[in-house]
Amino acid sequence: MKNPETSFINSFLLRIAAARVAILFLFHALVFVACYAFAYLLRFEFSVAPEYLPEFKWGVLAVVGVQLLAGSVFGFYRGWWRYVGIADVVRLVFGLSAAAAVLLGLWYAGPTFGIDDRFVKTPRGVLMIDWAFTLLSLFGARVIIRLGRDRLRPGDAFSASDTTRRVLIIGAGDAGETLAREIEHRPQLGMKVVGFVDDQRAKWGSHIRGIEVYGPIPDIGELADELGATEALIAIPSASGKRLREIIHHLSAADLQFKTMPGIDHLVSGKVHVTQLRPVNVEDLLRRQRVDLPGDPVRALFRGKRVLITGAGGTIGAELSSQILQFEPASLALVERAEYALYEVRKRLGREAAWASSEITSNLVDICDTDILDGLLERERPEIVLHAAAHKHVPLGEENPPEYVRNNCVATRTLAELCAKHNVERFVFISTDKAINPSSIMGASKRAAEIALLDVAGRGPMKVTIVRFGNVIGSSGSVIPLFMEQIAAGGPITVTHPEVTRYFLRTSEAVSLVLQAATLGTGGRIFMLDMGEPVKIVDLARDLIRLSNHSEDEIQIVFTGMRPGEKLFEEIRLQGESIHPTVHPRIVITEAPQPDPARVKQWLQEVATSMTAERTAALLARLVPEFTSDATVAALRAKAPMTPVLVMPKRARGDLSS
């Protein structure tokens, strides 16, 4: 039963809408009559002969009637004038042109259809003048309403107050214009755009929405002083990370606060809007142009399939879950042993993909529990398994070697065997660049897992894909969240060594490349992702200090010395590995040496029967001969300072590049 109050409100709103249409209809009728009369006067130089008056009297009925009909067809009476735009102008032009075409057609063909000449023989010059003045009048009325809304609204008192922030928009393109329009229409933001800044010389001196374009960007400090700007908004969503670092360098030097709009990859995904400003983060500094394989093979791989993801509550696992859900799998089984992490990823999926029809299950399971895992695979019957569960923290691995080997290697091998038993079609393993010439228990355990998986791949039809890549930004236990905590606490930031470098990828880009790698080849391959240029950790620390609107005088950097298992730099290939390109420019195949199956089997038996904390490193070195933990750590410690060293800030450096 309908709510009487709701029915009354709906009825009232419908009446208001009908009244608005009626008022607009009458307004247009008056404009049509007035313009027709003016066109007659202008045509006859404001001296209309008496013999033309009957023709005017009867002609106005035909002309205004046709125009009103055209207005109804083309929606003249439906638009909100306060939001008038190009589409409204186009609608006016087409509607009035259609009416003029009908009237001219009747001028020639009217007698043929038996229409009295009094209705259709309006002078053709009058019709043309009437068309032009009617278009100008209707368009002008809409523009006046729009200007009144933009310039004379009550909020202008606020926007003109002393609290208004004067801002510059970096980038005089479509995104910058959209941002300026949004700021203009929302005085509650408390911003006033005083200029655009762009590097394209051809734009300098021009105006966008009445606001002048200046340049170049390196001169923004002088421009800000001249225009009284205190803040800059970066409106270049297609800018690369390198370009963004250059811009931020100039903004920091000018002592300007700054924000940015989302990158083009986020805009394309539909998750954010161009006007959603936010602080610049480290991910922005690592932006790269997105590269997709032609034909959308990732969607073809996952659509309608039953998918299982281990480690679904981790940074990589959660992003895998989110992206795969966009491809409409039949079901998605989330496997995670940390209760809160599982809760969080399920909540995220509910927020980001509430529209999805895929069946999602949350499974609180430890992948080391073989019996429970076997039952889970029997129940879910996945066709594709993505294995992201792993221990990843290098120093903790040095303190807990057996657990890292058990979780990262043995459990991975067992999971792959169970997947083969349950007829899984494709198994994707998330590896790491630390598996290349490993110096840590964590890296060696992941390399051992690669070897164990390739051994499984040669036994049956299941396609095994291994994907290596470096650090992802913001992952649990990574350096970036640690640095942010230290900055929030007022410092200092602790860095192990002034020369230590790492590869970083944005989480969304890394997972996108993993999924694209899963579509390549027939299995039994190790893929390596192009991770860009290595980043000096000390430079990353300086970037974060600046992005937090602090100076290096306020937040100090302390070097603490290398930790067990760490390297100064990560490598991209093993000794003896050959590298082959793929159809994707950022994914290559590595051909790593593979021990024979008998040796792998014997090693797994030894691990199962005789692994202890003392013997773990030696056992790993037997399967992974390039693992040289003790020698590597000793060499690194010899190079790195072992007592904390304070690095004094150098304000003259000012560079945000790595």
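The values are calculated or read from the model by the stated rules, or taken from the named source; none is laboratory data. Note that the coordinates shown come from a computational prediction; the quantities given were computed from them, not determined experimentally. So basically every Cβ, Gly included, is an ideal-geometry build from the backbone, and we count neighbours across all protein chains shown. What goes into the accessible areas is simple: the full protein's heavy atoms, side chains included, and nothing from ligands, DNA or RNA. Shrake-Rupley method; radii C 1.70, N 1.55, O 1.52, S 1.80 Å.
Just checking, does segment 74-86 include any residue being modelled with pLDDT of 80 or more and either part of a helix (DSSP H, G or I) or open to solvent by 40 Å² or more (accessible area, probe 1.4 Å) (or both)? Yes: segment 74-86 contains one or more residues that are modelled with pLDDT of 80 or more and either part of a helix (DSSP H, G or I) or open to solvent by 40 Å² or more (accessible area, probe 1.4 Å) (or both).
Within segment 204-220, the set of residues being in contact with a helix residue (DSSP H, G or I) (Cβ under 7 Å, 6 or more places away or on another chain), farther than 28 Å from residue 147 by Cα and part of a loop (DSSP other than H, G, I, E, B) comprises just one member, 215.
Per-residue answers, yes or no, for (1) closer than 30 Å to residue 530 by Cβ; (2) modelled with pLDDT of 85 or more; (3) of a type outside the set (Lys, Arg):
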{"residue": "578", "(1), (2), (3)": "yes, no, yes"}
{"residue": "585", "(1), (2), (3)": "yes, no, yes"}
{"residue": "588", "(1), (2), (3)": "yes, yes, yes"}
{"residue": "595", "(1), (2), (3)": "yes, yes, yes"}
{"residue": "598", "(1), (2), (3)": "no, yes, yes"}
{"residue": "602", "(1), (2), (3)": "no, yes, yes"}
{"residue": "610", "(1), (2), (3)": "no, no, yes"}
{"residue": "616", "(1), (2), (3)": "no, yes, yes"}
{"residue": "622", "(1), (2), (3)": "no, yes, no"}
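Restrict the check to segment 493-505 and report whether at least one residue is of a type in the set (Lys, Arg) and within 29 Å of residue 452 (Cβ to Cβ). The answer is yes; a qualifying residue exists. Filtered by the rule that a residue be over 23 Å from residue 218 (Cα atoms) and part of a helix (DSSP H, G or I), segment 179-203 gives 181, 182, 183, 184, 185, 187, 188, 189. Across segment 312-334, which residue is most open to solvent (accessible area, probe 1.4 Å) among those that are farther than 18 Å from residue 381 by Cα and not in a helix (DSSP H, G or I)? Looking at residues that are farther than 18 Å from residue 381 by Cα and not in a helix (DSSP H, G or I), I get 326.
In the set (1) modelled with pLDDT under 80; (2) more than 28 Å from residue 99 (Cα to Cα); (3) open to solvent by 20 Å² or more (accessible area, probe 1.4 Å), the condition left unmet by residue 187 is number (3). Pairing each residue of segment 486-505 that is at positive phi with any residue that is of a type in the set (A, V, I, L, M), provided the two are 6+ apart or on different chains, yields C-beta distances under 6 Å for 491/555. Those strands (runs of 3 or more DSSP E) of segment 536-617 in which 3 or more residues are exposed (fewer than 14 other Cβ atoms within 10 Å of the Cβ) and touching a Cys at 6+ places or on another chain (Cβ under 7 Å) are absent. Contact annotation: residue pairs with Cβ atoms under 6 Å, 6 or more positions apart or on different chains, pairing a residue in segment 347-376 that is among the acidic types (Asp, Glu) with a partner that is buried (at least 16 other Cβ atoms within 10 Å of the Cβ), are 352/322; 359/331; 366/337; 374/418. Applying the condition of being among the small types (Gly, Ala, Ser) and at pLDDT below 85 to segment 509-535 and asking which residue is surrounded by the fewest Cβ atoms within 10 Å (Cβ to Cβ) yields 521. Would you mind stating whether residue 223 is at pLDDT 90 or above and not in a strand (DSSP E or B)? Yes, satisfied.
So which residues in segment 329-352 are out of contact with any Lys or Arg (no Cβ under 6 Å at 6 or more places or on another chain) and of a type outside the set (A, V, I, L, M)? Selection gives 336, 337, 339, 340, 343, 344, 346, 347, 348, 350, 351, 352. Of the helices (runs of 4 or more DSSP H) lying entirely inside segment 397-501, those containing at least 1 residues that are open to solvent by 10 Å² or more (accessible area, probe 1.4 Å) and over 30 Å from residue 543 (Cβ atoms) are 401-405, 411-421, 441-457.
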